[in-house]
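Structure record follows, encoded as structure tokens.
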Amino acid sequence: MENQYAIEMLNITKRFPGIIANDNITLQLRKGEIHALLGENGAGKSTLMSVLFGLYQPEEGIIKKDGEVVKINDPNDANRLGIGMVHQHFKLVECFSVLDNIILGVEPTTAGGILQKDEARKKVIELSEQYGLQVDPDAIIEDITVGMQQRTEILKMLYRDNEILIFDEPTAVLTPQEIEELMQIMKNLAAEGKSILFISHKLNEIMEVADRCSVLRKGKYIGTVDICNTTKEELSRMMVGRDVEFVVHKEPAKPGDVVLDVQGLTVASKTHPKDAVRDVSFKVRRGEIVCIAGIDGNGQTELVYGLSGLEPAKHGTITMCDKNITKMPIRKRSVMGMSHIPEDRHKHGLVLDYSLENNIVLQRYFEPEFTNPMGFLKKGNIRKYAERLIETYDVRSGQGPITMARAMSGGNQQKAIIAREIDKDPELLIAVQPTRGLDVGAIEFIHKQIVAQRDAGKAVLLVSLELDEVMSLSDRILVMYEGEIVGELDPKKTTVEELGLYMAGAKRTEVQ
């Protein structure tokens, strides 16, 4: 009988310094199925896929394709075997066009080495129509949305005629609408006979698109289940090893004095002549979580840049704890009690080539606890402080405080940033997408930390694209649409549908 498996990874073991990332894992992908790979942050999912894609070599185990043992030394081997991968953090050349990124490495040329783009363009347009992946081949990557960049990555695989498609947490950076579209695209691809490996820890998505799901926990294989016979609860128990609560428990808010007062704030846009934030006013008080909701790209990013000092305000005033901070430098805002969990953890959250302990004291290294009067760092104190935060926030890494930030999984990088920002004991915590890329167990923990900050009398400004998070965590919701605040909602009295109408610009009310 014909082999039913497109790919078999048998008894794969992969070690890194201080950690066994994959401990004797077996994964079998059937032809034409969507197979989800589920696990906590740092469970070894991305490592296993990187082994399949030839980025890492396993110490033990074999890989079979269509029943034959294969050796995958590098991504070129993977491509030759028809294996393609969309990485969690996209691998695109920012200043190239969509088309140039798609053909990069397999450029069509004449015998004389002259680039021939017309054929390529035709193929890309045909593929984009066939699979419902609308892109503009001539757009430059840095000017297009994250969702479009992801479509470019998918087209890159299809252009190479890949049969086995690996999606590494493909929805971490998408809006709800883009996620819906991607789910449909994945179903179309599977219907055309492609075999898909889908790494995720969003249980709703797995329940919606996957045929089967394999679960990893702390580098070990736990089991494989058919999606039609399982529940979200069972999957989360397999993944975390305990029952997880999907609801946030919190007492009603007891708002106190105003901590942040924003009046008439306008922030310019980098890409458009129109301002990204237009005449926005709101207040955040002690003891409340105010959430800015909206579809990505409606000015939330620029609003946070303005508040945190990453971009200058064009007009308006920002007052924190009764002091005007509109033109204040970033460090001064930080020392005065502003904490910022940024949207882009690689660009603004971490220095990737620093150790974990140095990242943890990035904003406090100059304090007497960490620097002596001569200006030398007190390394012992930094180490002790980092160890305490690593333990409290369960930041997992191969070598503890001395691990390079770059070597950690995305979710653990996120936990390190959250530990640093909350432990500063801020007056105002600005949390942008704080649970992006985290698993259910970690999300539950972070939500508790944010509520604890609120209950300790801090002001919290949350910016989130996850509607469940917006509804369950916030005390007040402000909706942003095209740079303006178009509505203020009470999560206890509103529905996701109504919130969606405001986010899409179909409904608005004046906000006082």
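Kindly list, by first and then second residue, each pair from a residue in the range 207-227 that is without any contact (Cβ under 8 Å) to a residue 24 or more places away in the chain to a residue that is buried (at least 16 other Cβ atoms within 10 Å of the Cβ) and not in a strand (DSSP E or B), limited to pairs with Cβ atoms under 7 Å and residues at least 6 apart or on different chains.
These pairs meet every condition: Ile222/Met238; Gly223/Met238.
Enumerate the pairs (first residue in the range 325-351 and touching a residue at least 12 places away in the same chain (Cβ under 8 Å) and among the charged types (D, E, K, R); second residue anywhere and surrounded by 16 or more Cβ atoms within 10 Å (Cβ to Cβ) and not in a helix (DSSP H, G or I)) with beta-carbon separation below 6 Å, excluding pairs fewer than 6 apart on the same chain, so at least 6 apart or on different chains.
Note: pairs meeting the criteria are Arg333/Gly309; Arg333/Ile325; Glu343/Val432; Glu343/Gln433.
Looking only at residues that are basic (Lys, Arg) and in contact with a helix residue (DSSP H, G or I) (Cβ under 8 Å, 6 or more places away or on another chain) in the range 60-107, which one is surrounded by the fewest Cβ atoms within 10 Å (Cβ to Cβ)?
Looking at residues that are basic (Lys, Arg) and in contact with a helix residue (DSSP H, G or I) (Cβ under 8 Å, 6 or more places away or on another chain), I get Lys71.
Of the residues Lys91, Lys64, which single one is modelled with pLDDT under 85 and basic (Lys, Arg)?
Lys91
Can you list the strands (runs of 3 or more DSSP E) lying wholly within the range 428-512 that have 3 or more residues being within 23 Å of the chain's Cα centre (by Cα)?
It comes to 428-432, 459-464, 476-481.
Each row is one residue, and each column tells you yes or no for (1) within 15 Å of Arg151 (Cβ to Cβ); (2) in contact (Cβ under 8 Å) with a residue 40 or more places away in the chain; (3) touching a Ser or Thr at 6+ places or on another chain (Cβ under 7 Å); (4) not polar (S, T, N, Q).
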site: Ala78; (1), (2), (3), (4): no, no, no, yes
site: Val86; (1), (2), (3), (4): yes, yes, no, yes
site: Glu94; (1), (2), (3), (4): no, yes, no, yes
site: Asn101; (1), (2), (3), (4): yes, yes, yes, no
site: Lys122; (1), (2), (3), (4): no, no, no, yes
site: Glu126; (1), (2), (3), (4): yes, no, no, yes
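For the range 384-416, give me each residue that is under 18 Å from the mean Cα position of the chain (by Cα), in a helix (DSSP H, G or I) and buried (at least 23 other Cβ atoms within 10 Å of the Cβ).
From the range 384-416, those under 18 Å from the mean Cα position of the chain (by Cα) are 395-396, 405-416; that's our starting set.
Add one more test, that the residue is in a helix (DSSP H, G or I), and what stays is 405-407, 410-416.
Correct list: Ala405, Gly411, Asn412, Gln413, Gln414, Lys415, Ala416.
State which residue is surrounded by the fewest Cβ atoms within 10 Å (Cβ to Cβ) when the search covers only the range 263-309 and only residues that are in contact with a Gly (Cβ under 7 Å, 6 or more places away or on another chain) and among the β-branched types (Val, Ile, Thr).
Just the residues of the range 263-309 that are in contact with a Gly (Cβ under 7 Å, 6 or more places away or on another chain), to begin with: 263-267, 275-279, 281, 285-287, 298-300.
So of that shortlist, the ones also among the β-branched types (Val, Ile, Thr) come out as 266-267, 277.
On the way: Thr266: 17, Val267: 26, Val277: 30.
This residue is Thr266.
In the range 263-290, what residues are at positive phi and in contact with a His (Cβ under 8 Å, 6 or more places away or on another chain)?
Answer for the range 263-290, where residues must be at positive phi and in contact with a His (Cβ under 8 Å, 6 or more places away or on another chain): Gly264, Asp279.
Is it fair to say Ile12 is among the β-branched types (Val, Ile, Thr), surrounded by 16 or more Cβ atoms within 10 Å (Cβ to Cβ) and in a strand (DSSP E or B)? Give the steps one after another, and end with the answer.
On the way: among the β-branched types (Val, Ile, Thr): yes; surrounded by 16 or more Cβ atoms within 10 Å (Cβ to Cβ): yes; in a strand (DSSP E or B): yes.
Yes, satisfied.
Working carefully through the options Glu421, Glu482, Glu469, find the one that is acidic (Asp, Glu) and surrounded by fewer than 22 Cβ atoms within 10 Å (Cβ to Cβ).
Working: Glu421 fails: surrounded by fewer than 22 Cβ atoms within 10 Å (Cβ to Cβ); Glu469 fails: surrounded by fewer than 22 Cβ atoms within 10 Å (Cβ to Cβ).
Result of the check over Glu421, Glu482, Glu469: Glu482.
Within the range 338-352, can you find the residues that are of a type outside the set (A, V, I, L, M) and modelled with pLDDT of 95 or more?
Ser339, His340
Please list, ordered by first then second residue, the pairs with beta carbon atoms under 9 Å, 6 or more apart or interchain, first in the range 291-306 and not assigned by TED's automatic domain parsing to the domain that holds Met148, second among the basic types (Lys, Arg).
Pairs that qualify, where the first residue is not assigned by TED's automatic domain parsing to the domain that holds Met148 and the partner is among the basic types (Lys, Arg), are Cys291/Arg476; Gly299/Arg278; Glu302/Lys270; Gly306/Lys314.
Condition first: assigned to a loop (DSSP other than H, G, I, E, B) and touching a Gly at 6+ places or on another chain (Cβ under 6 Å). Can you find one or more residues in the range 318-339 that meet it?
No, every residue in the range 318-339 fails to be assigned to a loop (DSSP other than H, G, I, E, B) and touching a Gly at 6+ places or on another chain (Cβ under 6 Å).
The values are calculated or read from the model by the stated rules, or taken from the named source; none is laboratory data. Here the structure is a predicted model, which is why all the values come from computation and not from measurement. So basically every Cβ, Gly included, is an ideal-geometry build from the backbone, and we count neighbours across all protein chains shown.
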